[in-house]
C-alpha cells in the first residue's frame, strides 16, 4: 500500500514495519466479499494512501508496554485491533464524503463520485461490521468497550458538525466538542486498546487514553488551519475543502470573534457555493492576521497535555518516537 509519511512517522513505520504489513494484509483480507463492489470500493480507499497513523498508534502503544511486540502478550490481538481501527477510520471517511458531497480525497476521486452515495454508505457499514468482527476475535471486553464507545462518539461528532454547518456564530467550545468526537475519540481509543491488549497496568489507562486524545486534538486543529495556508500543497485533501463544504472551523471562528473581516465570513458562509477566488481572499485575510498563530497556540496547549500524559507512561524505546510524533503533529505542513 502507498503511504504518504514524513519523519518521525516514517521512523515509526520503519520500527513497526513487520506489524504494519500484517495489519495491511489483514485489512485486505477483511475486504473479501462475494459482492464485488464491496471489495472494489474498500480496496480503492485503503490503497489510496494516507498516514496510517491510527493503527500505528495501536501498535506503538502495545510495544510501549511490551517491547517484544508481536512475540509477546496480545501479539496476534494487536494486529486485529490495528486493522479494526483503520477499518473504522476508513468507514467514517466513506460516510463523511457522502455527507459533505466531497469529490476529491488524497488526490483522487472520492468513492461516492465513482460508485455513488448509496454504495459508499453501505460499504462503510460493511467496514464497520468487519471492524467489530475483528474486535470480537480478541475476546477482550475492555477493548470492545473502548472502540464501540469511540464509534458512537464519531457518529455524534458527525451529526453535531452537520447541524453546525454554515453556522458562523459557532463557538470555540462547540468546535472543540466536534473534533473531540470526530477525531480525538478514535486517536484515544487506538492508543488505549494497544495498551489493553498488552496487559498494561490499569492505573496507566487514563494517561494512555489522554495522550491519544490530546494528540488527536493537535492533529485536527493543525489540519483545520492548514486548510487556509497557501503553502500547504500536500494535505491529502484539496486546500479549502472545509471552506468549500461550509465547515466553520477554528480559523473562521476566531476571525469572527476577533471581528477580523467578519462581514466577509458572514457573506461567504451565507452562500451555497464558494469559488477559488473566494478561497484565495480567505487565505490572504487569515495569513495577513494573527488568526493562524492563535490557532497554533490552541493546538500547542493540547500538545503540552499530550506530553504531560506521555511522561507518565513507561520509558521503553518507542516512548521517544511517540514524543517526537507529538511535535511532528503540531509542526507538520501536510
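The values are calculated or read from the model by the stated rules, or taken from the named source; none is laboratory data. Keep in mind that what you see is a predicted model, and the values were worked out from it rather than measured. FYI the Cβ positions are ideal-geometry reconstructions off the backbone, even for glycines, and counts take in every protein chain you see.
For (1) farther than 26 Å from residue 270 by Cα; (2) part of a helix (DSSP H, G or I); (3) touching a residue at least 60 places away in the same chain (Cβ under 8 Å), each residue gets a yes or a no:
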site: 76; (1), (2), (3): yes, yes, no
site: 80; (1), (2), (3): yes, yes, no
site: 134; (1), (2), (3): yes, yes, yes
site: 158; (1), (2), (3): no, yes, yes
site: 175; (1), (2), (3): no, yes, yes
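A quick yes/no check of all residues on (1) surrounded by fewer than 21 Cβ atoms within 10 Å (Cβ to Cβ); (2) without any contact (Cβ under 8 Å) to a residue 60 or more places away in the chain; (3) not in a loop (DSSP other than H, G, I, E, B):
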| residue | (1), (2), (3) |
| --- | --- |
| 228 | no, no, no |
| 247 | no, no, no |
| 252 | no, no, yes |
| 274 | yes, yes, no |
task: Of the numbered conditions (1) touching a helix residue (DSSP H, G or I) at 6+ places or on another chain (Cβ under 6 Å); (2) surrounded by fewer than 21 Cβ atoms within 10 Å (Cβ to Cβ); (3) under 14 Å from residue 89 (Cβ atoms), residue 193 fails exactly one; give the number of that condition.
output: (2)
task: Could you grab me the full set of residues in the stretch 120-130 that are farther than 15 Å from residue 32 by Cα and buried (at least 19 other Cβ atoms within 10 Å of the Cβ)?
output: 120
message: Looking at (1) under 28 Å from residue 127 (Cα atoms); (2) modelled with pLDDT of 95 or more; (3) surrounded by fewer than 20 Cβ atoms within 10 Å (Cβ to Cβ), which one does residue 163 not meet, given that it meets all the others?
response: (2)
query: Picking from 278, 234, which residue would you name as being in a helix (DSSP H, G or I) and either at pLDDT below 95 or at negative phi (or both)?
result: 278
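Determine whether the stretch 96-112 contains at least one residue that is within 17 Å of residue 50 (Cβ to Cβ), free of Cβ contacts under 8 Å to residues at least 12 places away in the same chain and surrounded by fewer than 20 Cβ atoms within 10 Å (Cβ to Cβ).
From the stretch 96-112, those within 17 Å of residue 50 (Cβ to Cβ) are 96-97, 102, 104-111; that's our starting set.
Narrowing the set further to residues that are free of Cβ contacts under 8 Å to residues at least 12 places away in the same chain leaves 109.
Now drop any that are not surrounded by fewer than 20 Cβ atoms within 10 Å (Cβ to Cβ), which leaves 109.
Yes; the residues of the stretch 96-112 include at least one that is within 17 Å of residue 50 (Cβ to Cβ), free of Cβ contacts under 8 Å to residues at least 12 places away in the same chain and surrounded by fewer than 20 Cβ atoms within 10 Å (Cβ to Cβ).
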message: Anything in the stretch 131-149 that is farther than 15 Å from residue 197 by Cα and surrounded by fewer than 22 Cβ atoms within 10 Å (Cβ to Cβ)? List them, or say none.
response: 132, 133, 148, 149
